[in-house]
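The next block holds one structure in the form of structure tokens; read it before the comments.
The values are calculated or read from the model by the stated rules, or taken from the named source; none is laboratory data. Keep in mind that what you see is a predicted model, and the values were worked out from it rather than measured. For neighbour counting, all protein chains shown are included, and Cβ atoms are generated from backbone atoms with ideal geometry for every residue, glycine included. Heads up: the accessible areas ignore ligands, DNA and RNA and are worked out on the full protein's heavy atoms, side chains in. Shrake-Rupley method; radii C 1.70, N 1.55, O 1.52, S 1.80 Å.
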Amino acid sequence: MTDALAFGLITAIAVGLSAGYLGSLMVLKKMALVGDALSHVALPGLGLGILYGFNPFFGGFVFLFVAAALIWRIERVTKLSVETIIGALFTLSLAAGILIIPEFELLEALFGDISKVTLESTVIAVAASVVAALMTRIIYKNMILGMISEELATSAGVQVARTNLLYLFLVSLTVAAGLQVVGTLLVGFLVVVPAASAKNLSSNLYKYGVLSSAFGVISAVSGILLSDYFNLQPGPLIVLSGVAVFIVTIIIRWAAKAPAL
Amino acid sequence: MKVLAANSDNDILTVSNVSVKVKDQVILDNISFGLKKGTTLAIVGPNGAGKTVLFRALLGLMPYTGTIEWRGAVKIGYVPQKLSVSDIPISVREFMLYKCGSGPHVEKCITSVELGTGRMLDKELGVLSGGQLQRVLIAWAIADNPDVLLFDEPTSAVDVDSQETIYELLNRLQQEHEITILIITHDMHVVRHYSDYMLALNRKTIFFGDSEEISNPSLLEAIYGSRLLLRKKPKEQE
């Protein structure tokens, strides 16, 4: 096994686990397309990293972080839906990113390049994923209560607005970590499809959280191994692996003919 | 209007001249009332009267002018009108653990609202009947021994028989724990049989006083704009 493949697999495991777990909340919040659209906001940051020679992760993360704060604030002031605000921000970012990033590197930014994963970027991605997953674990209960009823959560002492902001920051962190594995175009997959697959098979939150993380890891790892074997782009293969898992869960659910296992 | 003595030792809530505006539209206009510990207040009024907004203000979720004074550090349990649970795979046990902290306490809470603990705890919240869900929510609300319970139309999705048993349950819990209860309801039967006081709203206070006044046809007309027939008390029907 080459160093690049080993680093790629370690990164994929960390990012797959973290994205799957965070995504389990995103799917319940009916923000499935938010992760996808939000990932495009990183593009100008990646471009600046490529242009000025610093780690594109940091550029992407700063843009995502600022975008998360803006989305949260604009939503509170205007009462526009999060999807609408992200829709405006992501097209703006996409336009800026395409203008900033040289044509050759644009493909890498859009689809990721696992062959370029280094020890440094692996450490950064693992650290970011671990922090994001642990913080999500801490706020999971408050997020769920806020989704069930804002008033119920408030009466239990939950600060719903602050929790939502923290969650958006954690999504930014996870998306930034996933950019180098699958790129800006496909990273949204990692926060949506594994959780959607898990929801097909879950009757409680514990099972849902565990399966979301597990399916995230399975999709990312199998995609990278297939990419190494067939010498193809890993991003699309990660997506195809995850979709295969999703289809299997639909068949299991359908075969069981029950609300959940 | 009958006004309760304010700021006595037994008062748990004093609301003075509370007004709420949303986008320059007055939702609540100069509402004042007080409530004593261990009593039940029914809040009635037509749709859009500002009942739920008043609850949100009492919970601190809504900006308002005027003052809302809770006595000391009261613990408030809240049972909302609507829950978004159909899409969330959360079991009754997991939901209760969020409030109770430990397994034995969960079972104690669930049995206190007359629900069996066996398979019930492993059921998803989203598949419970209206009555079962309401009991779980009551168990959740009383799990940490609150001083006050706020109920927003607690039996709107429940059949008539279950409504009666839920209000009997609330009555028992109130007597056992001396909880102060505020209920938003459209059911005049609930106002007469399970409440001590009534606050009739239509953006401003129409009436605040003894709940027996709900039998007064001219008051009902003032609240709802038309004459209504009341169900007779069970004793009267016999």
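Here is how the number arises for chain B: DSSP H runs of 4 or more residues each give -39500 (n - 2.57), the sum is divided by the residue count, and the result at 222 nm is -9500 deg cm²/dmol. Put simply, the amide H of residue B:12, placed in the peptide plane, has neighbours under 5 Å in B:35, B:36, B:37, leaving out anything fewer than 5 places away on its chain. Residues of the stretch B:54-88 buried by at least 40 Å² of accessible area upon assembly of all protein chains, compared with the chain on its own (1.4 Å probe): B:56, B:61, B:78, B:87, B:88. With a ≥ b ≥ c taken as the square roots of the eigenvalues of the C-alpha gyration tensor of the protein assembly as shown, please select rounded if a/c is under 1.5 and otherwise prolate if a/b is larger than b/c or oblate if it is not? Since a/c reaches 1.5 and a/b is larger than b/c, the shape of the protein assembly as shown is classed as prolate.
With the Cα gyration tensor of the stretch A:3-256 giving a ≥ b ≥ c as the square roots of its eigenvalues, does the rule (a/c under 1.5 for rounded; else a/b larger than b/c for prolate; else oblate) give rounded, prolate or oblate? Here the stretch A:3-256 falls in the oblate category. Counting 0.36 nm for each residue step from residue A:84 to residue A:226 and taking away their Cα separation leaves a gain of 47.5 nm.
Please report the net charge: other residues with Cβ closer than 12 Å to the Cβ of residue A:209, K and R +1, D and E -1.
Charge balance in the 12 Å sphere: +3.
Put B:11, A:228 in order of accessible area, highest first, and with a 1.4 Å probe you get A:228, B:11. Using the 1.4 Å probe convention, the accessible area of chain B works out to 46 Å² per residue with neighbouring protein chains retained.
If you count Lys pairs in chain A whose Cα atoms are under 21 Å apart, skipping same-chain pairs closer than 8 places in sequence, the total is 13. As an exercise, use a Förster radius of 45 Å and the Cβ-Cβ distance of residue B:221 and residue B:172 to find the FRET efficiency, rounded to the nearest 0.05. Here the calculated transfer efficiency is 0.85.
Dividing the summed -39500 (n - 2.57) terms of all DSSP H runs of n ≥ 4 by the residue count of chain A sets its mean residue ellipticity at 222 nm at -29500 deg cm²/dmol. A simple spin-label model places the labels of residue B:82 and residue A:54 4.6 nm from each other, with each point 7 Å out along Cα-to-Cβ.
For a straight C-alpha distance cut-off of 16 angstrom, the aspartates and glutamates reachable from residue B:108 (same-chain residues fewer than eight places away being disregarded) are B:94, B:122, B:144, B:176.
3J(HN,Hα) couplings calculated from phi for the stretch A:33-40 with the Karplus curve 6.51 cos²θ - 1.76 cosθ + 1.60 (θ = phi - 60°) are, in sequence order, 8, 5, x, 5, 5, 4, 4, 5 Hz; Gly and Pro show x. When the other protein chains are added to the chain by itself, burial of at least 50 square angstrom of heavy-atom accessible area (probe 1.4 Å, ligands and nucleic acids ignored) affects these residues of the stretch B:98-115: B:98.
Here the label points at residue A:99 and residue A:3, each 7 Å from Cα along the C-beta direction, are separated by 3.9 nm in the simple model.
State the percentage of accessible surface on the stretch A:153-205 attributable to carbon and sulfur atoms; use a 1.4 Å probe and exclude ligands, DNA and RNA.
Answer for the stretch A:153-205 is 58 percent, counting heavy atoms of protein chains only.
Take every Cα pair under 8 Å whose residues are at least 6 apart in sequence, average their separation, divide by the length of the stretch B:76-146, and the relative contact order is 47 percent. Assuming R0 = 22 Å, can you tell me the calculated FRET efficiency for the pair residue A:115 and residue A:33, based on Cβ-Cβ distance, to the nearest 0.05? FRET efficiency, residue A:115 to residue A:33: 0.15. Counting only other chain Cβ atoms within 10 Å of each residue's Cβ, the peptide A:153-159 averages 6.
What's the FRET efficiency of residue B:19 with residue A:92 using the Cβ-Cβ distance as r and R₀ = 45 Å, to the nearest 0.05?
Approximately 0.65, to the nearest 0.05.
The angle separating the long axis of helix B:130-142 from the principal Cα axis of greatest extent in chain B is about 80 degrees. For the stretch A:3-256, the solvent-accessible area works out to 42 Å² per residue, with a probe of 1.4 Å and every protein chain left in place.
Chain B and chain A together bury an accessible surface of about 2000 square angstrom, both sides counted, with a 1.4 Å probe and no ligands or nucleic acids included.
If B:75, A:79 are ordered by their accessible area, calculated over protein heavy atoms with a 1.4 Å probe, which sequence runs from highest to lowest?
On the way: B:75 95, A:79 160 Å².
Most to least solvent-accessible, the answer reads A:79, B:75.
For residue B:64, the solvent-accessible surface computed with a 1.4 Å probe is close to 80 Å², ligands and nucleic acids excluded. Using Cα atoms only, what is the angle between the long axis of helix B:103-112 and the major principal axis of chain B, expressed in degrees (0 to 90) to the nearest 10? It works out to around 50 degrees.
Computed about its Cα centre, the charge dipole of chain A is approximately 1020 debye, with only Lys, Arg, Asp and Glu carrying charge at their Cβ.
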